[in-house]
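Laboratory data are not the source of any read-out in this text; all were calculated from the coordinates shown. No experiment lies behind these values; they were computed from the predicted model shown. With ideal geometry, Cβ positions are generated from the backbone for all residues, glycine too; neighbour counts draw on all protein chains shown.
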Amino acid sequence: MGQKVNPIGLRLGINRGWDSIWFAKKREYGKFIIEDFKIRKYIKENVVNSGVSQIVIERTSKKCIISIFTSRPGFVIGKKGSDIEKIKKNLSKISSTEVSLNIKEIKKPELNAYLVAENIAQQLVKRIGFRKTMKRAIQSALRLGAKGIRVCLS
């Protein structure tokens, strides 16, 4: 009988990178994992409707570099960088080290699986028909150069 394996865990490091890039001693490991969880939770709760698809956390001995991949960097940064300063201030309270933020734009959000799923979910909340929503997502992805796409709604 075949065993089921998580596909992300199986291919991690081959065709997908890690979301946390750091090394810690045994004593600090649990603390860093909890900090990473709190940082991701804070960003997802406070940066709403900006198309955040991935949050990568890199740590050095004295600094924590957080890269936010988003389809709308203007929403994250805010007017004249006011929102990003507020986010950086609150994240430095969560983390025990100095925090540096990198906002990276996703050029083609229709090719990012997480953003496509989020877009479909928002359209379903707005009570748009599910067939129309699926067809629109498939067409936009294929038009922008995707080799294939599979959408499953339940």
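Below are the figures for this structure:
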read-out	value
Extension gain, Glu58 back to Asn90 (0.36 nm per residue minus Cα-Cα distance, nm)	9.8 nm
Distance histogram for the chain (every C-alpha pair counted, 10 angstrom bins, percent rounded to whole numbers)	9, 31, 32, 21, 6, 0
Over 29 Å between alpha carbons, listed pairs Lys26/Lys88; Lys4/Lys108; Lys25/Lys86; Lys26/Lys93	Lys4/Lys108; Lys25/Lys86
Cα→Cβ-extended label distance, 7 Å offset, between Ser20 and Tyr114, nm	1.5 nm
Calculated from backbone phi, Karplus (6.51, -1.76, 1.60) coupling profile of the stretch 78-90 in Hz, x at Gly/Pro	x, 6, 6, x, 5, 5, 5, 5, 5, 4, 4, 5, 5
For Lys108, net neighbour charge (Lys/Arg +1, Asp/Glu -1) across residues whose Cβ lies under 14 Å away	+3
Longest site-free stretch - the chain; sites: chymotrypsin sites (Phe, Trp or Tyr not before Pro), DSSP loop, at most 12 other Cβ within 10 Å	24-154
Neighbour cut-off at most 16 other Cβ (10 Å), DSSP loop, trypsin sites (Lys or Arg not before Pro), the stretch 1-82	Lys4, Lys25, Lys62
Rounded to the nearest 20 debye, dipole of the chain from Cβ charges on Lys, Arg, Asp, Glu	300 debye
